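Below is one structure, written out as structure tokens; the observations come after it.
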Amino acid sequence: MNISYNWLKNYLNIDLAPEKVSEILTDIGLEVGGIEEIQSIKGGLEGLVIGEVLSCEKHANADKLSVTTVNIGGDEPLPIVCGAPNVAAGQKVVVATVGTILYSGDESFTIKKSKIRGEQSMGMICAEDEIGLGSSHDGIMVLPNDVTVGTLAKDYFKVENDTSIEIDLTPNRVDGSSHYGVARDLAAYLKQHQNNVELTLPSVDAFNIENNNYPIKVSVENTEACPRYCGVTISDVTIKESPEWLQTKLKSIGLSPINNVVDVTNFVLHELGQPLHAFDGDQIIGDEVIVKTLAEGSQFQTLDEVERELSDQDLMICNTEGGMCIAGVFGGIKSGVSEKTTKLFLESAYFNPVWVRKTAKRHTLSTDASFRFERGVDPEMTIHALKRAALLIKDVAGGTISSEITDIYPEKVEPFKVDVTYRNIARLIGKDLSNDTVKSILAALDIEITNETEEGLSLLVPPYRVDVQREADIIEEILRIYGYNNVEMPASVNSTIVYSQKPDDHKSKNIIANQLTAQGFSEIMCNSLTKSAYYENLESYPRNAVVELANPLSNDLNGMRQTLLFGGLESISHNVNRRNSDLKFFEFGNSYHYKAESDKTDLNSYNEEQCLSLFMVGNQNAVNWNTPEQKVSFFSLKNQIENILLRVGLSFNDFNEEETKSDLFAEGLSLTQGDKSVIDFGVVHAKILKDFDIDTPVYFAEIKWNVILKKSSKKSVIFTEISKFPEVKRDLALVLNKEVKFEQVKQIAQKTEKKLLKRISLFDVFEGDKLGTGKKSYAVSFILQDETKTLNDKQIDKIMKKMMSNYERELGAVIRK
């Protein structure tokens with residue numbers, strides 16, 4: 001969710017830097033994912049200046065071009081070739097000088113000095129669509145004659161600079177899903193830290209019912225699904241483009257203006273957090289709005305022109321003939337505002353979050369409105385938001401308010417009652433706060449104190465804080481406003497030391513995490529909830545083995561992950577799209593599995609595994625002038641796995657090695673124990689990467705951490721003194737069949753000499769006609785060492801002869817001389 005800093009300041013008198021505001025928001029639980037400087041016109045019109053066309057003549061070599069000289073207030077006028085049909089001497093125009101970057105949507109281009117059909121051009125005379133000031137391209141933009149030459153275009157057009165603050169809103173904090181909601185939370189914090197701030201709710205005092213010429217009858221048949229429904233009519237409106245101030249506000253948070261009425265409903269949604277809907281009055285058949293469900297299987301066409309089959313559990317906003325809107329989710333194609341609309345019925349409601357969530361899931365829809373309704377909006381904001389929107393519509397579209405406000409609210413949503421004790425506040429926070437501090441914070445959070453005793457407080461929590469319903473929730477609210485950073489570490493920490501023969505999982509993870517970060521890896525933490533659709537058409541992780549959620553928040557988070565791959569690919573895609581393409585990630589996390597076709601109520605049908613995942617993309621190390629570029633490879637990943645196993649007292653020899661059967665990989669290996677894979681690693685299949693818009697190889701490993709930990713508990717990592725006696729190196733060149741793997745060569749060597757063989761490595765592979773069909777040559781180094789004495793030639797020769805004999809017998813090897 002994006003918040004405009006300038007917009008935020010409409011409700012809060014602050015002069016803090018946007019960076020400081022972002023820091024505070026993160027501290028109080030509205031985590032800021034990033035901030036970006038923006039302008040009301042993309043590029044801020046930098047490099048554009050007001051000029052005057054001094055002369056204009058037809059181009060000698062082009063019928064549709066003109067050669068002009070333009071005064072922009074410099075020492076010399078600029079020669080500019082122009083293709084606009086309306087260019088003429090004496091005009092005041094907007095000129096893009098050489099070096100200026102102009103933007104067109106997501107693309108940009110730079111104005112350069114050039115020769116056009118033999119004539120030099122030192123800039124460009126601009127049309128309004130070329131600089132983001134309109135959509136016309138009929139000709140250049142001609143300004144009034146009284147404009148001063150040399151005026152910067154950004155000053156003339158009053159370009160506004162702003163900062164967009166991206167908030168990663170958690171599902172429980174729907175109260176922060178608007179500018180006013182963020183300002184309210186920020187004010188609560190600032191008031192506790194000696195900042196004189198005042199929170200201002202936009203006034204609706206000017207709201208006035210001008211006549212009752214257009215009454216609409218409203219009835220609610222299902223008050224469980226719609227606890228509150230409000231509406232008002234506005235007649236004689238004119239649908240047109242929104243004024244500049246309104247368009248600027250919407251653009252600052254990434255929204256595209258549509259028309260003045262729709263833009264007002266979007267503005268109020270992002271201002272106050274209350275979704276609204278405007279109906280074309282002429283489409284309300286019978287001048288009656290009925291909130292009800294329709295028969296199972298009823299057809300309804302939504303704004304996206306999709307014909308949808310309704311459930312009898314989908315709440316609808318209807319007229320006397322049929323549905324007009326899926327309540328709280330999506331409008332209908334016929335009832336929406338169009339250029340012909342002259343009268344409106346404006347809706348502001350509080351819909352049951354469960355009903356909205358189920359309907360949105362059923363129809364695979366996610367809108368700004370459903371996002372808020374399914375998490376729980378403020379039922380007390382409906383009338384205020386309705387009046388606010390009506391006043392704004394009058395301001396930008398004209399018209400008159402032509403009915404009384406309808407407010408159907410049969411059973412008021414009551415505040416949550418919570419009791420809290422001072423003792424538990426101190427116990428959970430870890431610090432004694434004064435009673436006055438606690439009460440001050442609660443007041444700043446709109447939490448009413450109804451009774452106070454020596455032990456604690458009885459409270460009423462406003463309905464818009466749907467996440468604060470228990471004592472622990474209240475204490476968390478006090479802590480986040482007081483400030484986590486203001487709770488000091490105690491002078492001493494008491495802990496119980498319990499002896500255990502089992503390996504310490506937390507300690508082991510820290511050891512491996514430190515090892516990986518030392519190798520340039522970054523730790524990621526991805527959501528265990530994932531998109532079930534990722535598992536379509538996979539055999540190794542079938543779709544029907546996904547542990548599905550009964551009531552998912554969205555279709556993007558409707559299942560539990562079977563593998564850590566997809567969360568990591570989302571992170572890689574996020575980074576690659578931001579030109580950060582040299583990546584090394586690791587994650588400790590759980591995977592979840594369901595035995596397909598088993599009874600879903602049987603707990604034995606489910607299992608959970610701890611996993612460690614590794615991801616490597618791009619270059620092995622940062623490119624440097626004295627270091628050649630080296631891409632990560634399968635062997636880079638294999639080396640990291642070997643180091644992890646070595647650190648916990650294991651090696652590849654403790655497992656069986658075979659080609660992976662997982663269809664996550666284009667090619668890879670599996671280390672198995674019995675018939676179960678413990679480690680799968682390789683290069684991720686291109687068809688999977690395509691779904692994430694990743695066009696570079698991704699090397700991925702998934703390690704069953706619980707299996708590794710259990711296996712390592714039977715091993716001891718023993719540190720020994722460095723030997724005082726020298727190592728001896730011997731090389732062999734083995735001619736083998738092509739299908740023989742180096743791992744087989746390695747295993748035979750280790751079986752032949754267990755005590756003195758320290759290392760074996762492959763330093764060259766050769767294939768050629770001289771070796772014969774189907775043959776290859778491995779050049780292998782053997783490192784031998786005795787910990788107690790110096791090896792002599794006789795001992796070494798004996799070992800090597802035995803080694804060669806075993807290779808000849810077991811692999812059919814020929815020793816190259």
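The values are calculated or read from the model by the stated rules, or taken from the named source; none is laboratory data. Here the structure is a predicted model, which is why all the values come from computation and not from measurement. So basically every Cβ, Gly included, is an ideal-geometry build from the backbone, and we count neighbours across all protein chains shown.
Counting only strands (runs of 3 or more DSSP E) wholly contained in the range 1-67, the ones carrying 3 or more residues that are more than 24 Å from the chain's Cα centre (by Cα) occupy 48-58. Look at the range 379-392: where a residue is assigned by TED's automatic domain parsing to the domain that holds TYR229 and in a helix (DSSP H, G or I) and a partner is modelled with pLDDT of 95 or more and among the acidic types (Asp, Glu), sitting 6+ places away or on another chain with Cβ atoms under 7 Å, you get ILE383/ASP407.
Is the range 581-598 home to any residue that is under 18 Å from the mean Cα position of the chain (by Cα), not in a strand (DSSP E or B) and not polar (S, T, N, Q)? No, the range 581-598 has no match at all.
Residue-wise test of (1) at pLDDT 90 or above; (2) under 30 Å from ASN590 (Cβ atoms); (3) among the polar types (S, T, N, Q); (4) more than 53 Å from the chain's Cα centre (by Cα).
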site	(1), (2), (3), (4)
SER712	no, yes, yes, no
GLU721	no, no, no, no
LYS724	no, no, no, yes
THR773	no, no, yes, yes
LYS789	yes, no, no, yes
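With respect to the conditions (1) under 27 Å from SER532 (Cβ atoms); (2) more than 32 Å from the chain's Cα centre (by Cα), ARG647 falls short on a single one, namely (1). Pairs linking a residue in the range 7-31 that is among the charged types (D, E, K, R) to a residue that is in a strand (DSSP E or B), with Cβ atoms under 7 Å and 6 or more positions apart or on different chains, are GLU19/ILE35; GLU31/ILE167.
Return yes when ASP680 is without any contact (Cβ under 8 Å) to a residue 40 or more places away in the chain, assigned to a strand (DSSP E or B) and under 26 Å from ASN706 (Cβ atoms) and no when it is not. Walk me through how you get there before you give the answer.
Numbers: without any contact (Cβ under 8 Å) to a residue 40 or more places away in the chain: yes; assigned to a strand (DSSP E or B): yes; under 26 Å from ASN706 (Cβ atoms): yes.
Answer is yes for this residue.
Taking each residue of the range 196-214 that is surrounded by fewer than 12 Cβ atoms within 10 Å (Cβ to Cβ) and looking for partners that are β-branched (Val, Ile, Thr) with beta-carbon atoms closer than 9 Å, six or more apart or interchain, yields ASN208/ILE401; ASN211/THR400; ASN211/ILE401.
Pairs are defined by a Cβ separation below 6 Å, a sequence spacing of at least 6 or placement on different chains, a first member in the range 579-608 that is in the same structural domain as ASN624 (by TED's automatic domain parsing) and among the basic types (Lys, Arg), and a second member that is modelled with pLDDT under 90 and surrounded by 15 or more Cβ atoms within 10 Å (Cβ to Cβ); the pairs so defined are LYS595/SER605.
Restricting the range 617-634 to residues that are not in a loop (DSSP other than H, G, I, E, B) and not hydroxyl-bearing (Ser, Thr, Tyr) leaves a set whose member that is farthest from LYS710 (Cα to Cα) is ASN624. Checked against (1) of a type in the set (S, T, N, Q); (2) in a helix (DSSP H, G or I); (3) surrounded by fewer than 16 Cβ atoms within 10 Å (Cβ to Cβ), THR223 passes all but a single condition, namely (2).
Give the range 115-159 a look and list any residue that's under 38 Å from the mean Cα position of the chain (by Cα) and surrounded by 16 or more Cβ atoms within 10 Å (Cβ to Cβ), or say none.
Step one: list which residues in the range 115-159 are under 38 Å from the mean Cα position of the chain (by Cα), which gives 126-137, 152-159.
Across the range 115-159, the qualifying residues are CYS126, ALA127, GLU128, GLU130, ILE131, GLY132, LEU133, ALA153, LYS154, TYR156, PHE157, VAL159.
If the requirement is being among the hydrophobic types (A, V, I, L, M, F, W, C), touching a Phe, Trp or Tyr at 6+ places or on another chain (Cβ under 6 Å) and not in a helix (DSSP H, G or I), which of these qualifies: LEU614, LEU637? Being among the hydrophobic types (A, V, I, L, M, F, W, C), touching a Phe, Trp or Tyr at 6+ places or on another chain (Cβ under 6 Å) and not in a helix (DSSP H, G or I) holds for just one of LEU614, LEU637, which is LEU614.
Taking (1) at negative phi; (2) crowded, with 16+ Cβ neighbours inside 10 Å; (3) in contact with a helix residue (DSSP H, G or I) (Cβ under 7 Å, 6 or more places away or on another chain) in turn, GLY399 satisfies each apart from (1).
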